[in-house]
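As structure tokens, the structure follows; a few thoughts come after it.
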Amino acid sequence: MYQAPRGTQDILPQEQAWWRYTEQKAVEISQLYGYSRIDTPIFENTGLFVRSIGDATDIVDKEIYTFDDKGGGSLTLRPEGTAPVCRAYLEHGLSNQPKPVKLYYLASIFRYDRPQAGRYRQHHQFGYEAIGDDNPILDAEVIEMAWHFFLSLGLNKLSLQLNSIGCKKCRPEYLITLRKYFSKQASSLCSDCKTRLKKNSLRLLDCKKLRCQQLASLAPRSIDFLCPECKKHFNQLKNYLEQLKLPFTANHCLVRGLDYYTRTVFEVGPQDGNAQDTIGGGGRYDDLILELGGKPTPAVGFATGLERIILNLKKQKAAAPPLPKPKVFIAHVGNTAQDEGAKLASKLRRIGIGVLQASGPKSLKAQLRQANSLGVRYTVIIGEQELKTASVILRDMISARQKIISIHQLEDKLK
Ligand code: HAM
């Protein structure tokens, strides 16, 4: 027997209410904040991700699904949504639209991660990007939208972590100091961090190992190295967040797993969780569009994993509204009645009334049992007598009361 590939999951019918609920809220919040939907291909040229996410990141180094297509080009299944959106923004001249250009997506994402609770090799993200404006009020709006989205879903007890990692002007000096600090501690670092020390020193702050975390907590802080512009930007952002009453915590160890970030970085997670439990994260990426061949274009965005949202909603014992399903069942006695039932079902569906119909030579008792287990509100019964008199029996499945009505009255009655 085949099974779904490791790290992937089927979303079965009984799970769908959670998914529709979460996606619906994502669409609603996007409309509320003025974002338009964009869908990009599931795979892109590998270079796009190597260039944007960075070749010294775990994602590009270990986690991308890359393959050669028959034409010999190297393609990669989308490991995140920001770079494809920027690629599309450039390719289709969206820069001609009024700024910021606000785009959102609901997309499947592929990362060759070690599967565990909340960590999959195929997951789904709701993400949004605001492109073309460097004002910190936009960072605050992006953060507030994430917060608002989680609250609207009914998630509570969340924490919001915030940091600024500076820009290409001020970060190099910080990185030199950070490397010096960790070099002195090199013998205590885990093997991954020894590699990070050479390849991606900012990520030393983000190690999940206890000893490395202890060292990181005492490490030099990026906010102490910000240039005057970055410092002003960060202070203004904090002011805006305070005005919006968003309960953020400044976390100087917060860096992100993708190299394109500048200035603002932030993450939202459960208050009692640790770094692996992050529900969503984002930040500013002012150099990415330039890096991809466009004009200098500041941008900021956020993405959240739908699996993690649903996991947390379930943990908090929240409920997703049930999906609509047919409320009417048509039962019959005899073949002619079954044919009439099919015509009636078609007519009712055309006016928007959901109908299920029994098929085959089942007893009326068995059909009513089926109607009960389907959870319909009404059963319409057509028997020989009803055929003769152009009527039906309408049975209320809750009270079990039934009455004969003319077939012409049925539509109005059900509506
Ligand atoms: P990210 O933090 O890599 O950011 O991913 C965003 C969210 O996707 C995470 O917070 C988490 O909820 C979910 N996620 C990531 N990996 C997995 C996984 N293996 N299994 C399940 N869920 C996962 C980005 O991808 C950036 N593009 C976000 C962004 C948008 N920054 C600016 N704009």
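The values are calculated or read from the model by the stated rules, or taken from the named source; none is laboratory data. If you're wondering where the values come from, they're calculated on a predicted model, not measured in any experiment. Backbone-built Cβ (ideal geometry, glycine too); neighbour counts: all protein chains shown. Protein only, heavy atoms only, side chains kept; ligands, DNA and RNA dropped before computing areas. Shrake-Rupley method; radii C 1.70, N 1.55, O 1.52, S 1.80 Å.
Quick notes on this structure:
- Taking every residue in segment 6-19 that is closer than 17 Å to ALA117 by Cα and pairing it with any residue that is among the hydroxyl-bearing types (Ser, Thr, Tyr) and surrounded by 13 or more Cβ atoms within 10 Å (Cβ to Cβ), at least 6 positions away or on another chain, the pairs with Cβ-Cβ distances below 6 Å are GLY7/TYR120.
- Residue count for segment 375-409 under the criterion of being assigned to a helix (DSSP H, G or I) and touching a strand residue (DSSP E or B) at 6+ places or on another chain (Cβ under 6 Å): the result is 2.
- Members of segment 25-69 that are acidic (Asp, Glu) and surrounded by fewer than 17 Cβ atoms within 10 Å (Cβ to Cβ): GLU28, ASP39, ASP55, ASP61, ASP68, ASP69
- Check on LEU218, of a type in the set (A, V, I, L, M, F, W, C) and open to solvent by less than 60 Å² (accessible area, probe 1.4 Å): no
- Residue match in segment 59-72 (condition: away from the ligand (no atom under 13 Å from the Cβ), free of Cβ contacts under 8 Å to residues at least 24 places away in the same chain, closer than 28 Å to LYS295 by Cβ and assigned by TED's automatic domain parsing to the domain that holds THR297): no
- Single unsatisfied condition, LYS314 versus (1) surrounded by 19 or more Cβ atoms within 10 Å (Cβ to Cβ); (2) within 16 Å of the ligand (Cβ to nearest atom): (1)
- Output for segment 99-132, where each listed residue is among the basic types (Lys, Arg) and near the ligand (Cβ under 10 Å from one of its atoms): ARG111, ARG114, ARG119, ARG121
- Residues of segment 369-397 classified as surrounded by 19 or more Cβ atoms within 10 Å (Cβ to Cβ) and either of a type in the set (A, V, I, L, M) or touching an Asp or Glu at 6+ places or on another chain (Cβ under 8 Å) (or both), total: 9
- Total residues in segment 116-138, condition part of a strand (DSSP E or B) and among the aromatic types (Phe, Trp, Tyr): 2
- Candidate set from segment 139-172 (those that are in a helix (DSSP H, G or I) and open to solvent by 10 Å² or more (accessible area, probe 1.4 Å)); member that is farthest from VAL255 (Cα to Cα): SER152
- For segment 263-299, the set of residues classified as touching a Lys or Arg at 6+ places or on another chain (Cβ under 9 Å), more than 11 Å from the ligand (Cβ to nearest atom), open to solvent by less than 40 Å² (accessible area, probe 1.4 Å) and farther than 16 Å from GLY118 by Cβ consists of ARG263, ASP286, ILE289, THR297, PRO298, listed by residue number.
- Scan of segment 72-109 for residues that are under 15 Å from VAL60 (Cβ atoms), outside any helix (DSSP H, G or I) and open to solvent by less than 30 Å² (accessible area, probe 1.4 Å), ordered by number: LEU75, THR76, ARG78, PRO79, GLU80, ILE109
- Taking the numbered list (1) modelled with pLDDT of 95 or more; (2) surrounded by 15 or more Cβ atoms within 10 Å (Cβ to Cβ) in turn, ARG196 passes all entries but (1).
- Annotation note: Cβ proximity below 9 Å between a residue of segment 26-42 that is touching a residue at least 40 places away in the same chain (Cβ under 8 Å) and within 17 Å of LEU90 (Cβ to Cβ) and a residue that is assigned to a helix (DSSP H, G or I) and among the β-branched types (Val, Ile, Thr) (sequence gap 6+ or interchain) occurs for ILE38/VAL85; THR40/VAL85.
- Criterion applied to LEU90, LEU94, LEU138, LEU175 was being of a type in the set (A, V, I, L, M, F, W, C) and closer than 22 Å to LYS238 by Cα, and the one residue passing it is LEU138.
- Close Cβ contacts (under 9 Å, 6 or more residues apart or on different chains) running from residues in segment 109-136 that are among the β-branched types (Val, Ile, Thr) and at pLDDT 95 or above to residues that are more than 7 Å from the ligand (Cβ to nearest atom) and assigned to a loop (DSSP other than H, G, I, E, B) comprise ILE109/ARG78; ILE109/PRO79; ILE131/LYS99; ILE131/PRO100; ILE131/THR297; ILE131/PRO298.
- Inclusion of ALA319 among residues that are open to solvent by 50 Å² or more (accessible area, probe 1.4 Å) and free of Cβ contacts under 8 Å to residues at least 24 places away in the same chain is warranted.
- Qualifying residue in segment 45-59 (condition: farther than 17 Å from ARG111 by Cβ and assigned to a strand (DSSP E or B)): yes
- Qualifying residue in segment 225-239 (condition: within 16 Å of the ligand (Cβ to nearest atom), closer than 28 Å to ILE109 by Cβ and at pLDDT 95 or above): yes
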